[in-house]
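Quick notes on the structure that follows.
The values are calculated or read from the model by the stated rules, or taken from the named source; none is laboratory data. Note that the structure is a prediction, hence the values are computed from the model and not measured. Here the Cβ positions follow ideal geometry from the backbone for every residue, glycine too, while neighbour counts run over all protein chains shown.
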Amino acid sequence: MPVNCIPAAKTLRVHAGLLLFASSFERTDEVMGFYNDHIEPALVSCACGMKAITRERAKIVPFAKGVVLEIGFGSGHNAPHYDQQAITHLYALEPSAAWRKKALKRIGNLTVPLEWLDLPGEEIPLSDASVDTVLVTYALCTIPGVEAALEGMRRVLKPGGKLVFLEHGLAPDAGVAKWQGRVNGVWGKLAGGCRLNRDPVALIRAAGFDIEKLDQHYAPGAPKIAGFMTGGVAAR
Ligand SMILES: C[S@@+](CC[C@H](N)C(=O)[O-])C[C@H]1O[C@@H](n2cnc3c(N)ncnc32)[C@H](O)[C@@H]1O
């Protein structure tokens, strides 16, 4: 666990407390804006840096090759896991200025040319068939127009290009799935719109991708409602 991080359960309690504190003000919009721009990215980024999640990234991110587009770059947690010898160019799509700012400290050691795209995943500003790999990690859960975003990811991939993905989502156990449904609304408010019970495999297949590698399991050390991991590679 990084020293500047706190365990996930404590993170959630702190989140909930801050949210209640924020919503008790009269100028709620302003305070919520502050929460969304500063506190939420800091706390979600912290959760995204948990050891259990880092282990998952190390297994999946090295599949990215050639011209790479990362969707929802966040605070750059994937940067240390890229196989930089295999990458010629990295487009880092991240619509939030707050997240882009947080990423600066992690991209310093990258030797591959990095180009920011400051638009949402639903509006990828790249030509058709122009990238070899689209990487998306822990963002299909959050992107509001996830179907449109996946359609765009498929559009920009070259023939033979791959979608490399790592997500959390709908648990296979009825008991866990029931709790995911129960806390989904509150969780979304705390965690930047993240949904606990999206099914990444169904979404990826519905967008027309052909899944070639798939690994699904509960990440050891992560809370089960957010810890059912889906990682893999899909062909365009
Ligand atoms: C839980 S964070 C994950 C960040 C990063 N992908 C990671 O693995 O650490 C979710 C990310 O999705 C981004 N996001 C939210 N809406 C988005 C959209 N419409 N298009 C692309 N990314 C979006 C957020 O700004 C945030 O960076």
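Of the set (1) over 18 Å from residue 231 (Cα atoms); (2) not in a strand (DSSP E or B), all apply to residue 158 but (2). For region 187-203, taking the residues that are hydrophobic (A, V, I, L, M, F, W, C) and touching a residue at least 60 places away in the same chain (Cβ under 8 Å), the one that is farthest from the ligand (Cβ to nearest atom) is identified as 203.
For residue 34, the criteria (1) surrounded by fewer than 18 Cβ atoms within 10 Å (Cβ to Cβ); (2) within 14 Å of the ligand (Cβ to nearest atom) hold in every case but one, which is (2).
Restricting attention to region 98-140, the residues being within 11 Å of the ligand (Cβ to nearest atom) and either touching a helix residue (DSSP H, G or I) at 6+ places or on another chain (Cβ under 8 Å) or closer than 24 Å to residue 49 by Cβ (or both) number 19. For region 57-96, what are the residues that are within 14 Å of the ligand (Cβ to nearest atom) and in a helix (DSSP H, G or I)? Residues satisfying the conditions are 57, 58, 59, 60, 61, 79, 80, 81. Of 170, 150, 163, all but one fail to be under 17 Å from the mean Cα position of the chain (by Cα), more than 15 Å from the ligand (Cβ to nearest atom) and in the same structural domain as residue 92 (by TED's automatic domain parsing); the exception is 170.
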